[in-house]
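Here's the structure we're looking at; comments come further down.
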Amino acid sequence: MADGDGLGEAATAAASPPAPAPGLSPSLGWRERLRAGLAGTGASLWFVAGLGLLYALRVPLRLCENLAAVTVFLNSLTPKFYVALTGTSSLISGLIFIFEWWYFHKHGTSFIEQVSVSHLRPLMGGTESSISEPGSSSNRESETSRQNLSECKVWRNPLNLFRGAEYRRYTWVTGKEPLTYYDMNLSAQDHQTFFTCDTDFLRPSDTVMQKAWRERNPPARIKAAYQALELNNDCATAYVLLAEEEATTIVDAEKLFKQALKAGETIYRQSQQCQHQSPQHEAQLRRDTNVLVYIKRRLAMCARKLGRIREAVKIMRDLMKEFPPLTMLNIHENLLESLLELQAYADVQAVLAKYDDISLPKSAAICYTAALLKTRTVSDKFSPETASRRGLSTAEINAVEAIHRAVEFNPHVPKYLLEMKSLILPPEHILKRGDSEAIAYAFFHLQHWKRIEGALNLLQCTWEGTFHHVSVYPKKELPFFIHFTAGLCSSTAMIALLTHQFPEIMGVFAKAALWTFERVIQNHPAQLTGHSVLDGPAQAEGCFQWEAKGQDQAKG
């Protein structure tokens, strides 16, 4: 689109942020520099030492005689041996490839790379830590890098669906599981982190629930929750598990969460009275606080799904006032979505002014909601033809800059908002700036973009004019070892097939390759010696002499 291109070029300069200035690293002492240098060159020293030892033992080991014996052995091999060799190699490579593929899909990483990084790299002299002095600028840089890495870790989806009431519908209709094993494993870890503590052994119901969160089979988890309720009818976490996984409708889930709220408030007040008695009581208070906040947040989401949006907004606002440190639950993203449904754009702007801060982790919900508010003021009268003819107004430039900022944070979102890619059920965990976050955002916010006239049109023009041909980030690629194993398996299988079909021709090729290898080994020491003594004007003449000698040997 020509108009889209002109629109993107008109705001590119205003949207690109300045590059940060690099920090200065502190100088290390001579001992630290020597230690770091030795650690980095450890692999090279071992390699040189091995070559020296091999050269020193060349006579006792009879390397020349053994090489001649190996040459005779290789010359005596028949094509059947090469068929068997390539077939065996192909089988082994195929088994390695299948194992790597299975391990990668189950754990999200390559087994060979994991072993090499964890076990082989320390032996080769690799190091993960850097030496720094306290109070230096490198500490400040490490804090900044940790803040940037917070965008790359896996986060709990603040708008995740209910397993029993929503995810199970997909299973009933399609017969497929909507959640992956990895996602469910992360949820189990979250439950153990937020809903358990070291004092669970003091209450039998909490002990049963601690085992329930570790169960991978949903029926076993539900059975354990009922066992906990038999031991203690006021076990809040048991009601939470039943509301999440057994209730088949949002109405049933809300009833169970109300029972959980009643029990959770009672336990929370008891923990408040004993919080300063011991560190164990403080840990128990933190656990009970997490349970209470989770219950109220899910009750607000039930009210939002049942159409009682103002009630949901009130619960979320009260939560944010009562428990301001718990920003890790991202309750403000739930509040933003509910306020957009109410079309309370002034309240949305107030929430963004508080949470769209440089010190807080960004998200697609924050960046694209800010872009939606800027777009709303100009989208109804925006036209690409008019904008490219008269230029962009101040409000349009602000809207385009906001869209640029949002797309730069997560470039996957526009394809889902413009319905160029099909939406699926959002996962329970998302990767910031990744495709999973784009799915989770578009699944709940597409209707808000459609409600504002011309908003998707302005998003499409800006995205196609500036970002359409830019590669997206992050893009998960297969590890190198999977590609290498697949290539090795394919090549060995092809060689085995050719050797089986054309044994005589492949035998000729094998003997020719072996003869070339022998000639290279025989001529390599002489060439090294000849080039090492050449110097100055005599070098050209010496090279010519060695080249002529090589030609004579080839003729002989």
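Take the alpha carbon gyration tensor of the stretch 206-359, find the square roots of its eigenvalues, order them as a ≥ b ≥ c, and report rounded if a/c is under 1.5; if not, report prolate when a/b exceeds b/c, else oblate. Can you show the working numbers first?
Values: a/c = 2.28, a/b = 1.41, b/c = 1.61.
Oblate is the answer for the stretch 206-359, as a/c is 1.5 or above yet b/c matches or exceeds a/b.
Leaving out ligands, DNA and RNA but keeping every protein chain, what accessible area does ARG156 have, in Å² rounded to the nearest 10, with a 1.4 Å probe?
Using a 1.4 Å probe on the heavy atoms, I get roughly 60 Å².
Given the whole protein assembly as supplied and a 1.4 Å probe, what does the accessible area of ASP252 come to in Å², nearest 10?
60
Rounded, prolate or oblate: pick one for the stretch 364-468, where a ≥ b ≥ c are the square roots of the eigenvalues of its C-alpha gyration tensor, a/c under 1.5 means rounded, and failing that, prolate if a/b is larger than b/c, else oblate.
prolate
Holding the Cα-Cα limit at 30 Å, pick out from LYS354/LYS432; LYS296/LYS374; LYS211/LYS362; LYS381/LYS421 the pairs that are longer than that.
Numbers: LYS354/LYS432 20 Å; LYS296/LYS374 32 Å; LYS211/LYS362 35 Å; LYS381/LYS421 27 Å.
Beyond 30 Å between Cα atoms: LYS296/LYS374; LYS211/LYS362.
Please state the shape class of the stretch 279-381: rounded when a/c is under 1.5, otherwise prolate if a/b exceeds b/c and oblate if not, all from the C-alpha gyration tensor. Don't jump to the answer; show the numbers that get you there.
Numbers: a/c = 3.20, a/b = 1.70, b/c = 1.88.
It is oblate, given that a/c is not under 1.5 and a/b is not larger than b/c.
Just how far, in whole angstrom, is the stretch 219-248 from the stretch 166-196 if you go by their alpha carbon centroids?
About 16 Å separates the Cα centre of the stretch 166-196 from the one of the stretch 219-248.
Sum up the charges of everything whose Cβ sits under 9 Å from the Cβ of ILE315, counting Lys and Arg as +1 and Asp and Glu as -1, but leave ILE315 out. Let's see the in-between values first.
Working: positive: LYS296, ARG297, LYS314, ARG317; negative: GLU311, ASP318.
After counting each charged neighbour, the total is +2.
Which value in nm describes the separation of the simple spin-label points at HIS500 and ASP234, placed 7 Å from the Cα toward the beta carbon?
Reported label-point gap for HIS500 and ASP234 is 7.4 nm.
Choose one of CYS197, GLN227, LEU319: the residue whose Cα lies farthest towards the positive end of the charge dipole of the stretch 185-331 (beta-carbon charges +1 Lys, Arg; -1 Asp, Glu; about the Cα centre).
Positive-end residue among those listed: LEU319.
Loop only by DSSP, 16 or fewer other Cβ within 10 Å of the Cβ. Give me the GluC sites (Glu not before Pro) in the stretch 394-453 that pass, ordered by residue number. Please list the in-between numbers first.
Numbers: sites: GLU396, GLU401, GLU408, GLU419, GLU428, GLU437, GLU453; in loops: GLU419, GLU428, GLU453.
Passing sites in the stretch 394-453 are GLU419, GLU453.
Please sort by residue number the trypsin sites (Lys or Arg not before Pro) in the stretch 177-233 whose DSSP state is loop and whose Cβ has at most 12 other Cβ atoms within 10 Å. Write out the running numbers ahead of the final one.
On the way: sites: LYS211, ARG214, ARG216, ARG221, LYS223; in loops: ARG216.
Loop-located and lightly packed - ARG216.
Given a 1.4 Å probe and heavy atoms of the protein chains only, how would you sort TRP155, TRP449, TRP102, largest accessible area at the top? Display every interim value, and only then the final one.
On the way: TRP155 35, TRP449 0, TRP102 130 Å².
Greatest to least solvent exposure: TRP102, TRP155, TRP449.
Once the whole set of protein chains is in place, how much accessible area is left on GLU65, using a 1.4 Å probe, in Å² to the nearest 10?
For GLU65, solvent-accessible area is about 120 Å².
The values are calculated or read from the model by the stated rules, or taken from the named source; none is laboratory data. Quick caveat, the model's predicted, so the values are computed rather than measured. Note that each Cβ is placed from the backbone with ideal geometry, even for glycine, and that neighbours are counted across all protein chains shown. Surface areas here come from the heavy atoms of the whole protein model, side chains and all, with no ligands, DNA or RNA. Shrake-Rupley method; radii C 1.70, N 1.55, O 1.52, S 1.80 Å.
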